[in-house]
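J.: The following block contains the structure, expressed as C-alpha cells.
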Amino acid sequence: WKMSHAVICDVLVVHLLLTLASSSELTFELPDNAKQCFYEDIVIGTKCTLEFQVVTGGHYDVDCRLEDPDGTVLYKEMKKQYDSFTFTAAKNGTFKFCFSNEFSTFTHKTVYFDFQVGEDPPLFPNENRVTALTQMESACVSIHEALKSVIDYQTHFRLREAQGRSRAEDLNTRVAFWSIGEAIILLVVSISQVVLLRSFFSDRKTTTTRVGS
C-alpha cells in the first residue's frame with residue numbers, strides 16, 4: 001500500500017503540472033504611460049477564463065481589453081482593481097488581451113493575471129463514465145480536486161499578502177514624510193519665535209537709548 005500510495009502521489013503531481021501548463025499565469029511590471037499586450041492561440045469552442053488583479057501601485061487599478069482574432073472587443077474595463085471574465089471562443093485564431101496604465105503619469109503597477117484555456121482533462125481518461133470508480137480512484141479524484149483548491153487559495157493569499165504589504169509600506173512612507181514635515185515646521189516656528197522675541201527687545205533697547213540722549 002505504501003508503494004501504491006507513492007505511485008499515486010507521483011501521478012497526481014505530474015498530472016497537476018500538466019494541468020497548470022495549459023494556463024498562462026504571470027506577474028509583471030507595468031510602467032506609467034505604458035501598455036502591455038499578450039497573445040494566445042485558441043481553438044473554436046474552447047472555454048477560457050481571464051482573471052487579473054493589480055498587486056501594487058497607485059490606486060491599484062488598470063485598464064483591461066480582450067479582443068478576438070478579428071479585433072472584436074469581447075471584454076473591456078477601465079480602472080479595475082481585479083476582475084474575472086469567462087468566454088467561449090467563437091472562432092479559431094490568436095486572441096489578444098492588453099493591460100494599460102496610460103492614464104497614470106507617475107506611478108507604475110504590478111499586475112497579476114491567469115489566463116486559463118480549456119477545461120481540466122479527466123483524471124482517468126481511459127475509464128468509461130458509466131463504470132463506477134473504485135475507492136482508490138475516488139480518493140485520487142478527491143485529492144486532485146483538493147490540491148487544485150489549495151493552489152488557488154495559495155495564489156489568492158499571496159496576492160493579498162503582497163497587496164497588503166505594499167499598502168503598509170506606502171502608509172509607512174507617508175507617515176515618515178509627514179513626521180519629517182512636522183519636525184521642519186516646528187523648527188521653523190521655533191526659530192521665528194526666537195527671532196521675533198529678540199526683535200521686540202532690540203527695539204525697546206534702541207528706543208530707551210534715544211530717550212536718554
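The values are calculated or read from the model by the stated rules, or taken from the named source; none is laboratory data. Owing to the predicted nature of the structure, the values given are computational and were not obtained by experimental measurement. Using ideal geometry, Cβ is built from the backbone for each residue, glycine included, and neighbour counts are taken over all protein chains shown. In case anyone asks, the SASA skips ligands and DNA or RNA and just uses the protein heavy atoms, side chains included. Shrake-Rupley method; radii C 1.70, N 1.55, O 1.52, S 1.80 Å.
J.: Could you compute the FRET efficiency for ARG167 and PHE103, with r as their C-beta to C-beta distance and R0 at 22 Å, rounded to 0.05?
T.: 0.60
J.: Follow-up. If packing is taken as the mean number of other Cβ atoms within 10 Å per residue, what is the order of 184-194, 61-71, highest first?
T.: Averaged packing, sorted descending, gives the order 61-71, 184-194.
J.: Charges on Cβ only, +1 for Lys and Arg, -1 for Asp and Glu, centred on the Cα centroid of segment 33-120; of VAL43, SER84, CYS98, which one is farthest towards the dipole's positive end?
T.: CYS98
J.: Can you give the FRET efficiency for LYS35 and THR88, using 1/(1 + (r/R0)^6), R0 = 25 Å, r = Cβ-Cβ distance, to the nearest 0.05?
T.: About 0.40, to the nearest 0.05.
J.: Accessible surface of TYR82 in the full protein assembly, 1.4 angstrom probe, to the nearest 10 Å²?
T.: The accessible area of TYR82 comes to roughly 150 Å².
J.: While we're looking at this one, here's another question. Which pairs in the list LYS109/LYS148; LYS35/LYS91; LYS47/LYS148; LYS76/LYS109; LYS35/LYS96; LYS76/LYS148 are over 23 Å apart, alpha-carbon to alpha-carbon?
T.: From the list (LYS109/LYS148; LYS35/LYS91; LYS47/LYS148; LYS76/LYS109; LYS35/LYS96; LYS76/LYS148), the Cα-Cα distance tops 23 Å for LYS109/LYS148; LYS35/LYS91; LYS76/LYS148.
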